[in-house]
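Quick note: the coordinates plus some simple rules give every number you see, no bench work behind them. In this text the structure is predicted, and so the values were computed from the model without any measurement. FYI the Cβ positions are ideal-geometry reconstructions off the backbone, even for glycines, and counts take in every protein chain you see.
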Amino acid sequence: MKRRVITSIFFVVAMLAGVYVSPYTFVGLFGFIAAVCLWEFYRIAMVNGAVRLALSILLGITPYVVVAIFQLTTIDAETDTLISILLLFLPVLFLFFLYELFSSSEKPFHHIAAVTLGILYVGIPFALLEWIALDRGYQPNIVCGLLLLNWANDTTAYLVGSRAGKQLLLPRISPKKTWEGTLSGMGVTLLSGVGAGWLFPQLSPTDWIMIAVIIGLFGSLGDLIESMFKRGVQMKDSGTLLPGHGGLLDRFDAFIFMLPFTTAYLLLAT
């Protein structure tokens, strides 16, 4: 627990510094996080070989890089331009099919499916985070609010579940996640959403409460989704980068999974 707490303190300080120094440090920080999460995901998916792994990470990070270019430069991000970029990305993705064809791969379908899933599961959500943060001028408080709500959910669920949890939520996927921890996490996240409405006026109090509901629900489910992936290959942690916590994907699984739903809410409500 001591090692876990020390790691958490350094982790939180680094995250807040990266978010608040400038939009460029934000993009660099989350670009690094996205790349490591992709590496860990492809490790879980058993994408092997140095060249294949490098190509997979490059493809996975492409949506994030494209959004960064449009948001941090004067390039006009008209809808037609974005559609053109998407259409140009598809041939690049199909080049990976050709790599599998000529690499004498024994599991080409597995590798192609894993790479495509990595783009969808990791690359696109982090690109959506960039859109949330940068679309109307850089909004570090919104990013900070999302992180704090996610941490409130994660931390409360862990503390309550590890000490008072008795009713397992989904034992075939996670032998430690409990209803008591999950519901406590949701409750504290909702209260934190009320506080975020006061601290971060960039969004309305109602928006923060709705986002808190989304994070409480889909963040918890995102944690189970990653556990499902790891259980499928008998793996405990996605990595070892964070002592006492595992890998970055272990820390951002809930955050990643709630981002598409949060983005959809913000598109519809703001």
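For the reader, a short list of remarks on this structure follows.
- The separation of region 1-70 from region 130-155, counted between C-alpha centres, amounts to 16 Å.
- Radius 10 Å from Cβ of Pro243, net charge of other residues (Lys, Arg +1; Asp, Glu -1): +2
- For the chain, a crude dipole built from +1 on the beta carbon of Lys and Arg and -1 on the beta carbon of Asp and Glu, taken about the Cα centre, is about 1160 debye to the nearest 20.
- DSSP H segments from the chain that extend 27 Å or more along their own axis, Cα-based, with Kyte-Doolittle mean of -1.0 or above: 2-21, 23-44, 50-72, 79-102, 140-164, 179-199, 248-269
- R0 of 25 Å, Cβ-Cβ distance Ser22-Val65: FRET efficiency to nearest 0.05: 0.90
- The label point for Leu120 and the one for Phe94, both projected 7 Å from the Cα toward the Cβ, are 1.9 nm apart.
- Cut-off 17 Å, label 7 Å out along Cα→Cβ of Ser104, residues of region 51-65 by amide N: 51-52
- In terms of other Cβ atoms within 10 Å, Leu128, Leu117, Leu268 run from fewest to most in the order Leu268, Leu117, Leu128.
- Sorted by Cβ neighbour density within 10 Å, fewest at the top, the residues Phe11, Phe200: Phe11, Phe200
- Sequence of Thr156, Thr270 once ranked by neighbouring C-beta atoms within 10 Å, starting from the fewest: Thr270, Thr156
- Förster radius 35 Å - calculated FRET efficiency between Leu199 and Gln167, Cβ distance, rounded to 0.05: 0.55
- Look at the alpha carbon pairs under 8 Å that are at least 6 residues apart: their mean separation over the length of the chain gives a relative contact order of 21 percent.
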